[in-house]
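A short reminder: the numbers here are calculations on the coordinates, not readings from a lab. Note that the coordinates shown come from a computational prediction; the quantities given were computed from them, not determined experimentally. Please note: Cβ atoms are built from the backbone with ideal geometry, for glycine as well, and neighbour counts cover all protein chains shown.
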Amino acid sequence: MFQNFKTKAALVVASVPALMASAHAALPAGVNEAINSVGTDLETAATAILTAMIGFWALRKLGSKMGWW
């Protein structure tokens, strides 16, 4: 049984690098441009949301310290 386990474990370890190899397919220029554009838009939206959340938290904290709420 132990020999069988060692064989299976060696097979799994040997197959991991083969499964991790990435495929390199050429994408049209328009697709790359669209992906980059969406990434920029998402970064801008995430920054705006995070800024709004921090601002809301700061106002709540200030309001609780000042006795507004």
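The dipole here belongs to the chain: it is taken about the Cα centre, uses +1 on the Cβ of Lys and Arg and -1 on the Cβ of Asp and Glu, and is about 540 debye. For the chain, what is the mean residue ellipticity at 222 nm derived from helices alone (per DSSP H run of n ≥ 4: -39500 (n - 2.57); sum divided by total residues; nearest 500 deg cm²/dmol)? Calculated at 222 nm, the ellipticity per residue is -29500 deg cm²/dmol. Global size of the chain: 26.0, 72 Å for Rg and Dmax (C-alpha atoms, Rg to one decimal, Dmax whole). Residues considered: Ala52, Ala29, Ala14. Largest GNM mean-square fluctuation over the chain, using C-alpha springs under 10 Å, is found at Ala14.
3J(HN,Hα) couplings calculated from phi for segment 47-64 with the Karplus curve 6.51 cos²θ - 1.76 cosθ + 1.60 (θ = phi - 60°) are, in sequence order, 5, 5, 5, 4, 5, 5, 5, 5, x, 4, 4, 5, 5, 5, 5, 5, x, 5 Hz; Gly and Pro show x.
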